[in-house]
Each structure stands twice: as structure tokens, then as C-alpha cells.
Amino acid sequence: MPDLGPFPSALRDAILAWYGSRGRSLPFRGTTDPYAILVSEAMAQQTQVARAGETWIRFMERFPTAAALAAATPADVLRAWQGLGYNRRALNLWRAARRIVEVHGGRVPADLAALQALPGVGPYTARAVAALAFGMPVGAVDTNVRRVLGRIVAGDSAALGATALQKVADAAVPLDRPGAWTHALMDVGATSCRPGRPDCASCPAQAWCRFAAAELAGGNRARPVPGARSVTGPAATAAREAPPAFATTSRWLRGRIVDQLRAAQDGAWIVLDAPIGEHDRAAVAAALEALARDGLVELDGADPTAARRARLPIR
């Protein structure tokens with residue numbers, strides 16, 4: 001374990017100065033409303049921030065408060081979520097809004113434990129909302145931040161365990177600018193400290209970064225993956241083959257089913273009794289059952305073709 005030591009104030013200042021001049025301009029960065037920030041964080045998970053920003057504007061116009069979102073049907077929310085994917089996040093956000101209304105009087109709680117108790121809110125999202133909305137000096141660690149801090153202090157994004165990394169992240173936060181710092185680290189990870197081809201020359205942390213120092217010395221070139229072994233012959237050829245096409249996956253099928261139901265009139269039952277893409281009727285039926293278990297669709301239990309008639313949930 002490397003000697004982590006205190007986080008250099010000069011490094012912090014360099015990252016914040018870089019963010020002031022080169023940080024990304026995103027629609028949701030102009031607000032300090034805790035609910036609006038919670039929505040943006042839910043949307044930005046596993047989604048390109050540009051797409052999340054466009055949808056966030058429309059979503060906030062449709063559901064400007066937690067109370068408005070809580071009063072909507074799941075179908076309303078799923079339609080407003082279209083284009084973002086990972087539809088379970090939409091239902092979790094709706095459930096979080098209902099809890100905010102029922103337990104917290106319609107106001108997003110300004111408490112880390114209460115934030116993390118909201119449906120769909122994990123350690124990262126709770127800390128991001130705490131820092132961005134309430135000015136708490138806590139470090140929000142997502143994939144980008146893990147890579148940036150891991151490379152700076154340990155020379156490798158995977159060198160620190162979760163506890164050590166969280167300790168570093170919390171210690172690095174400037175007490176007077178936790179929101180700007182949260183955005184700054186994310187932007188460094190998205191633009192300079194990229195996973196595959198980091199641009200160390202453009203990174204404001206270069207002078208303090210152990211990874212950059214090793215890169216300049218040639219120590220990070222062709223670095224073997226821990227636990228990996230050399231493979232040659234037919235096995236190597238197979239390993240290089242492209243993964244299965246996305247359209248053959250159950251995730252693709254589930255997305256197409258939800259999209260078909262989005263296009264239907266609210267409350268109308270839709271018969272799904274034919275293959276979709278490369279997926280046969282049995283696969284469609286199985287996907288419908290899985291979607292129903294997740295709460296993303298309702299199946300018509302009163303009809304003998306229950307596994308084939310579905311709609312977005314309105315209850």
C-alpha cells in the first residue's frame with residue numbers, strides 16, 4: 001500500500017483552476033436544487049452526459065418537484081425516460097420521490113444516511129447529492145473518480161480498495177468548494193484521465209500523478225493485466241472475435257418491448273404474440289415475465305393470453 005499522505009493543496013488548486021476554464025457545460029450544472037440534482041445523477045449513470053442533459057431538461061419540465069414525480073404513474077415516468085435506457089433507474093427514481101414525499105415532507109433529505117436509504121440511491125449518488133446540493137465535504141466516487149484518484153495517489157486505478165479510496169476521496173474535498181470539486185474530478189476523468197488512452201499532457205494533475213510519472217518513464221506501456229495469461233492459436237482467434245450482436249441480447253429485447261408499450265395509448269393493453277427481431281415467441285414471453293417481476297410492465301392476468309398482453313404499469 002503506497003503512503004497516501006495528505007492531499008496536496010496545490011494539486012487541488014490546479015484541478016479547480018482547470019475546471020474553471022475547461023470544465024464541461026452541462027444543463028444540470030446550473031442548479032443547486034437537491035431534487036433536480038438527484039434526477040440528473042440518476043440519469044447520468046451509464047448514460048452519455050449530453051443525452052442525459054437533453055432528457056433532464058424535458059423531465060424537469062414534466063416533473064418539476066418530487067411531489068409531481070411521486071404523483072405520476074410509472075407509465076408516465078417510463079415515457080419521460082425514453083432514450084436513456086436502463087429503465088429500472090426510472091422506477092427507482094419514482095420510488096425515491098414517493099419516499100421523499102411520504103417520509104421527508106417532499107424535500108430531499110440533507111443527511112447522507114437518509115439519502116442512501118432512498119430507493120436506487122447508492123453511496124456514489126448519495127455523496128454526489130450531498131456535495132452538490134448541500135455543500136457537504138464528502139467525496140463522490142464513480143468510475144471516473146476512482147480512476148483519477150487511484151492513478152494520482154497509487155499509480156493505478158485498481159490499486160486502492162474501496163475503503164482506502166473513499167478515505168482519499170473524502171480527504172481531497174475542499175471544504176469551501178465541494179460541488180465544484182465533484183464536477184472537476186468527473187471532468188478530468190472524462191476528458192484527460194481516460195481509461196484506455198489517457199492524455200496526461202492535458203491533465204491538471206500531471207505534476208503530482210504517480211501514473212503520469214510512470215508513463216513518462218515508460219513504465220505503463222504494455223502493462224500486463226493482473227491474472228491474465230498469454231493465449232495463442234485458435235483460442236486467441238476466438239478471443240478476438242466480436243461479442244454477440246447487441247440485438248441478440250435479452251437487454252435489447254426488453255428495451256424493444258418497453259418501447260412498443262411506450263408508443264401505445266396510456267392504459268391500453270398491447271398483444272405481444274410474435275417474434276421481435278431475432279427473438280422468438282418464447283423469448284418474448286420470458287422477457288415479459290422478467291419485466292413484470294421488475295415492475296416495468298403489467299401483464300393482463302384476467303386474460304387467458306396473460307403472458308402476451310401487457311402495458312406500462314399505471315398502478
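Only the coordinates and a few stated rules stand behind these numbers; no lab work does. Small disclaimer: the values here were computed from a predicted structure and weren't measured. All Cβ positions, even for glycine, are placed from backbone atoms using ideal geometry, and neighbour counts span all protein chains on display.
Looking at the square roots a ≥ b ≥ c of the eigenvalues of the Cα gyration tensor of the chain, which shape do they give, rounded for a/c under 1.5, prolate if a/b is larger than b/c, or oblate? Since a/c reaches 1.5 but b/c is at least a/b, the shape of the chain is classed as oblate. Between Asp170 and Ala110, the FRET efficiency from the beta-carbon distance, with R0 = 22 Å, is close to 0.80. The angle between the Cα long axis of helix 9-22 and the main principal axis of the chain comes to about 50°, on a 0 to 90 degree scale. For the range 1-91, applying the loop criterion from DSSP together with a ceiling of 15 other beta carbons within 10 Å to the trypsin sites (Lys or Arg not before Pro) yields Arg24. Largest GNM mean-square fluctuation among Gly53, Gly30, Gly155, using the chain with Cα springs under 10 Å: Gly30. Taking Cα atoms only, the orientation of helix 178-191 departs from the longest principal axis of the chain by about 90 degrees.
If you take all other residues with their beta carbon under 12 Å from the beta carbon of Leu16, and give Lys and Arg +1 and Asp and Glu -1, the sum is 0. Over all other residues within a Cβ to Cβ distance under 12 Å of Gln82, the charged ones net out to +2, with Lys and Arg as +1 and Asp and Glu as -1. Helix 49-62 sits at what angle to the longest principal axis of the chain, using alpha carbons and giving 0 to 90 degrees rounded to 10? Computed tilt is about 50 degrees. Of Ala214, Ala36, Ala169, which is the most mobile in a GNM of the chain whose springs link Cα atoms less than 10 angstrom apart? Result for the chain, Cα springs under 10 Å: Ala214 fluctuates most. Extension gain for Gln45 to Thr248 (0.36 nm times residue separation, less C-alpha to C-alpha distance): 70.7 nm.
Quick one: net charge around Pro64, please, counting Lys, Arg +1 and Asp, Glu -1 for every other residue with C-beta under 15 Å from its C-beta. Computed value for this residue: 0.
A Förster radius of 25 Å combined with the Cβ-Cβ distance from Ala286 to Arg262 puts the calculated FRET efficiency at roughly 0.75. Length available on full extension from Val271 to Arg22: 0.36 nm per residue minus the Cα-Cα distance, which gives 84.6 nm.
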